[in-house]
Ligand code: SF4
């Protein structure tokens with residue numbers, strides 16, 4: 001996942017950095033802004049938070065922004081890396097910023113790319129050159145050759161464009177006023193940028209905006225079944241964001257209500273407190289507390305000043321970082337039955353650590369509720385969980401996971417209650433059921449089943465033809 005913004009219409013650069021900060025949760029590796037000054041494209045980039053991007057005190061009519069989460073290439077470690085790994089990118093007449101993950105770069109182009117955003121800009125530029133500068137036609141060619149997820153914003157000939165792949169994996173919304181048009185990964189950016197949310201960009205739709213709010217819509221690719229990433233609602237997106245007409249907060253609240261019903265059926269001792277693991281699971285914990293008539297207590301607090309201060313290299317450093325992530329309200333734990341609510345269990349190490357920390361502080365019972373069903377398959381579309389070995393649910397049953405994290409009861413969301421809570425059809429559930437919606441992802445899966453994963457290598461970066 002990454003965050004993107006595109007702004008057409010005069011806007012202060014330093015304010016656009018504030019808008020980008022609203023997408024910092026979508027990518028904490030690095031951030032970039034690109035703006036047009038006369039006929040020059042200028043950029044500013046930073047390792048970590050967008051707040052570190054240095055900007056002049058001026059405005060621009062054309063601005064693109066990006067927060068980076070690494071799903072291809074490595075983590076950004078130096079100023080040099082910023083140029084190759086972090087968008088927005090400029091290739092000839094195209095400037096572009098991208099959210100998603102392209103899985104078949106090597107089979108489309110012989111050139112090696114450090115970042116799929118640069119790959120997309122290069123391919124689009126190539127197709128423009130070969131199609132007399134016709135943007136919709138260039139997107140048709142692009143859509144036909146690439147596999148993966150991509151929601152993007154960019155500029156071509158002074159026009160702002162927005163495109164969402166035909167599966168609609170990643171969110172992309174837009175809004176217009178008489179002064180400016182904004183395209184963004186999440187609707188909160190539009191609120192702060194002073195334009196009302198108009199709607200989502202439809203899957204397979206290219207939007208081209210001109211000055212004064214002019215807009216043209218082109219149907220590039222039709223896909224009968226869309227595959228909106230369910231994990232956006234569970235974890236990625238800000239609770240104040242509206243995606244596909246669903247407020248993310250409301251979805252998380254409904255997920256909590258559904259989990260509470262499952263909890264009731266287990267007839268366990270009543271918890272004294274419902275405790276969210278900050279921050280994503282708060283709405284679900286509120287709903288569980290209301291439904292079970294149990295108070296909610298924030299006895300697990302996030303160490304909010306633990307930023308991206310260093311690149312962890314050793315297991316010891318990783319363990320130390322995990323331990324310093326949470327602070328506990330010690331006096332509220334002894335002798336209590338505690339129902340912890342978290343958004344997901346990936347490797348199981350954080351859940352195990354939280355249960356152990358609560359027991360160490362005298363908790364009588366620790367139940368663990370998870371708003372997401374077990375994730376047993378890797379994601380090839382934009383989260384960096386690219387191999388089975390990173391997922392405890394790929395090899396362990398729910399009972400084994402409960403034993404491993406040493407909880408008194410483990411309560412997972414069920415797939416049908418997840419779908420009902422989100423309230424829209426056409427979801428990607430591939431990391432739950434292994435049913436990948438794109439062809440190349442299915443062939444990667446087949447290759448892995450035949451040849452196995454390799455250590456230190458992402459499945460989708462493998463070449464299975466060798
Ligand atoms: S595999 Fe899972 S995380 Fe990845 S896009 Fe699909 S639903 Fe989202």
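The values are calculated or read from the model by the stated rules, or taken from the named source; none is laboratory data. No experiment lies behind these values; they were computed from the predicted model shown. All Cβ positions, glycine included, derive from the backbone under ideal geometry; neighbour counts span all protein chains shown.
In table form, for the structure just shown:
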quantity	calculated
Among (1) within 18 Å of the chain's Cα centre (by Cα); (2) surrounded by fewer than 20 Cβ atoms within 10 Å (Cβ to Cβ); (3) on the phi > 0 side of the Ramachandran plot - the single one residue 406 does not satisfy	(1)
Residues of the stretch 343-368 classified as in contact (Cβ under 8 Å) with a residue 40 or more places away in the chain and either farther than 23 Å from residue 303 by Cβ or within 16 Å of the ligand (Cβ to nearest atom) (or both), total	7
Subset of the stretch 436-445 (residues that are more than 18 Å from residue 232 (Cα to Cα) and assigned to a loop (DSSP other than H, G, I, E, B))	438
Failed item, numbered, when residue 162 is tested on (1) touching a helix residue (DSSP H, G or I) at 6+ places or on another chain (Cβ under 7 Å); (2) outside any helix (DSSP H, G or I); (3) away from the ligand (no atom under 16 Å from the Cβ)	(1)
Selection within the stretch 407-424 - out of contact with any helix residue (DSSP H, G or I) (no Cβ under 7 Å at 6 or more places or on another chain) and within 14 Å of the ligand (Cβ to nearest atom)	419, 424
Identity of the residue in the stretch 421-445, out of contact with any strand residue (DSSP E or B) (no Cβ under 7 Å at 6 or more places or on another chain) and more than 17 Å from residue 381 (Cβ to Cβ), that ends up surrounded by the fewest Cβ atoms within 10 Å (Cβ to Cβ)	425
Some residue of the stretch 390-406 being assigned to a loop (DSSP other than H, G, I, E, B) and within 13 Å of the ligand (Cβ to nearest atom)	yes
Residue list for the stretch 175-186, restricted to those being touching a strand residue (DSSP E or B) at 6+ places or on another chain (Cβ under 6 Å) and surrounded by 24 or more Cβ atoms within 10 Å (Cβ to Cβ)	181, 182, 183, 184, 185
Test: residue in the stretch 190-201 that is closer than 26 Å to residue 28 by Cα, surrounded by fewer than 20 Cβ atoms within 10 Å (Cβ to Cβ) and in contact (Cβ under 8 Å) with a residue 60 or more places away in the chain	yes
Failed item in (1) part of a helix (DSSP H, G or I); (2) within 16 Å of the ligand (Cβ to nearest atom); (3) in the same structural domain as residue 337 (by TED's automatic domain parsing); (4) within 26 Å of residue 352 (Cβ to Cβ), with residue 431 passing the rest	(3)
